[in-house]
DNA sequence: GTCTATACGAAGATAGAC
DNA sequence: GTCTATCTTCGTATAGAC
């Protein structure tokens, strides 16, 4: 999933490369520890163009990186939901996160979570994070409702899924093990399958 | 729950006050943005004694703050489990987090999560975070098993609960709303009640 | 658009007096 | 134990040449 980002780095301009690099670094070290120097080194962008592309400085870069990360993850989730039923799509979504964890040796997490936690100083980034979470939930809610689950239940089920997955990613990183995410996957599979079955008796 | 911490600040020595302050600041701004200056201002501790109390510097302070936060939260969870059945205890645990969010106007979250996300540079703090999550899960697992839930299910249920609550706290902060946590509470109540009922037919 | 140079502040850490 | 002073490094941001 994230490998697409890395490949696309060569094709786009410096501005876009900086945004992608910022998102990739944020998910590993957090917002505060993601310096311009690191973003420049990672993206290969020239030093002199930082404030040309991002007049509002780091706040703007972080905000756009958060939005980019949120959109990118939403696209992956939407694709999964387009190809499978909600039960399978949630499982696939979890698997892509498990890949992120194992491929990075548990160094990488979710950039949107990073923006939330350190976004007290960057309100715009925090708002972007909130919007991203909402968008992911909406995608799930739509799919659940399309499969006959009532609106209120679809909403709480969607929130639980997003929250549990994001939380499991954090726990997995702390423990350097995929086990937490896999246990959550199992519970979510059961829960979504039961809800779907109950919706069409 | 956390108000106890604030009250106890007057009674203990400078070292302990610094640890508590660090945990309180970490849960709001993250590890990286929690400077010694901020910890000193918040705790009222004298500047000259930093490296007397914490020879390994900030890494040591963050590590001890993470351990303190983890132990404190574990104590609250254990108390809830001692007084109620697991269903009610999980609900009460969530409520205490909801209080943290509303009392801080969604500025405060979980210090253990903060230590995890920025703990790439401080491995010891990350290990402390992993141990904290594991401890919370163990408390839940014990309680679930005591109520007749099989070991494997108890484990995945415990992981889901911790992950979902921690994730919901993050989403709630991003959206500046308690609604995500409340929806997760509802789902967890249903889920734990069903599991408990199924264990003793 | 991109460069170099630099201003300016704040961070963590250390040394030595009291 | 605590103080003051200082070192070093690194951060964001700006200015002005090309």
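Quick note: the coordinates plus some simple rules give every number you see, no bench work behind them. The structure presented is a predicted model; accordingly, all values stated were derived computationally and were not measured. Positions of Cβ are generated from backbone atoms using ideal geometry, with glycine treated the same way; all protein chains shown enter the neighbour counts.
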* Equivalent ellipsoid semi-axes, the stretch B:28-87, via Cα gyration tensor eigenvalues times 5, rooted, Å -> 31, 12, 11
* Please report the relative contact order for the stretch B:46-201, taking Cα pairs under 8 Å with a sequence separation of at least 6, and give it as a percent rounded to a whole number. => 27 percent
* Rg over Rh, two decimals, the stretch A:111-201 (C-alpha only, Kirkwood Rh) -> 1.05
* Asked: For the stretch B:105-163, with equal point scatterers placed on the C-alpha atoms only and solvent neglected, what are the log10 I(q)/I(0) values from the Debye formula at q = 0.12, 0.18 1/Å, to two decimals?
  -> -0.37, -0.68
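Just round it to a whole percent: the fraction of Cα-Cα distances in chain A exceeding 23 Å. Write down the numbers at each step before the final one.
Values: 9190 of 20100 pairs.
Within chain A, distances greater than 23 Å cover 46 percent of Cα pairs.
Based on the mean of other beta carbon atoms within 10 Å per residue, what is the order of A:76-85, A:19-28, most packed first? Let's see the in-between values first.
Values: A:76-85: 16.1, A:19-28: 24.6.
Peptide ranking by packing, descending: A:19-28, A:76-85.
What number does the protein assembly as shown give for Rg over Rh if you use C-alpha atoms and the Kirkwood radius?
Numbers: Rg = 21.0 Å, Rh = 21.5 Å.
Rg divided by Rh gives 0.97.
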* Inter-probe distance in nm under a simple model that places probes 7 Å from Cα toward Cβ, at residue A:83 and residue B:38 -> 4.2 nm
* To do: Rounded to the nearest 0.05, what FRET efficiency do residue A:13 and residue B:121 give with R0 = 22 Å and r taken as the Cβ-Cβ distance? Could you check?
  => 0.10
* With the calculation restricted to Cα positions, what are the radius of gyration and Dmax of the stretch A:54-165 in angstrom? -> 15.0, 48
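Nearest 500 deg cm²/dmol is fine: what mean residue ellipticity at 222 nm does chain B get from its DSSP H runs of n ≥ 4 alone, each adding -39,500 (n - 2.57), divided by its residue count? It would help to have the intermediate numbers written out before the result.
Numbers: 10 runs with 155 residues, N = 201.
Result for chain B, helices only: -25500 deg cm²/dmol.
Inside 10 Å of the C-beta atoms of A:185-196, what's the mean count of C-beta atoms belonging to other chains? Can you show the working numbers first?
Values: counts 2, 7, 10, 3, 0, 4, 5, 0, 0, 2, 1, 0.
What the average comes to for A:185-196 is 3.
How shielded is A:109-121 by partner chains, expressed as the average number of their Cβ atoms within 10 Å of its Cβ atoms?
Counting other chains' Cβ atoms within 10 Å and averaging over A:109-121 gives 6.
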* **Separation of the residue B:189 and residue A:75 label points, Cα + 7 Å toward Cβ, nm** => 4.0 nm
